[in-house]
Structure formats: C-alpha cells, structure tokens
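Note sheet for the following structure.
Rule-based calculations on the coordinates, nothing more; no lab input. Keep in mind it's a predicted model, so treat the numbers as computed, not measured. Counting neighbours? That spans all protein chains shown, and the Cβs are built from the backbone with ideal geometry, glycine included.
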Amino acid sequence: KNINRIDYKVFNLGQIELLVEKYAIQDFTLETLYLHGLVSRTDKVKILGNGELKAKLAFKVNAISEKAKAAIETAGGSVELLVK
C-alpha cells in the first residue's frame, strides 16, 4: 500500500458538459461542485480529457491531464491548478 497515494474525484470533459447544462455552472471550482453536492468538502478533483467540451469555463482544480487542458484552452476556457 502506498501511504502517499492521492485519491481524486475524476471528471471527464463529457461529464462536465452535461453538468454545465444541468446545473448552469459558470466556473468549475471545488466550491461550485460542493454546493451542487457533487463532491465532499475534502475531495480533490482531477479533470481527464475523455469527451468533448464546448462551454467556455474557468477551471480551478487540483489536477488535470494534458489532453484535457489543451481541450479547455481550445474552447476558450482557463485552467488554474490549486496547491495540493
């Protein structure tokens, strides 16, 4: 067992697109996700690049894949990584 392992709540770009439509999310932050009941207060969030994102969003998350970051910036969004 790895004592340094970090468990993330994972969201794919396709899931994010659906959440944006369902909850009218403007900023994809830990606080926004917590308010909608999608994560708990202590969860760390990671974005993966599976799917397609059309919405222009500002992301503030703990981790992100390179493919997801490129897709978000192509859609006109921004990415800010939070300190772990």
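Does ALA75 meet the test of being more than 16 Å from LEU30 (Cα to Cα) and under 10 Å from the mean Cα position of the chain (by Cα)? Considered against the rule, which asks whether it is more than 16 Å from LEU30 (Cα to Cα) and under 10 Å from the mean Cα position of the chain (by Cα), ALA75 comes out as no.
From the list GLY77, GLY49, the one residue that fits, being touching a Phe, Trp or Tyr at 6+ places or on another chain (Cβ under 9 Å) and of a type in the set (Gly, Ala, Ser), is GLY77.
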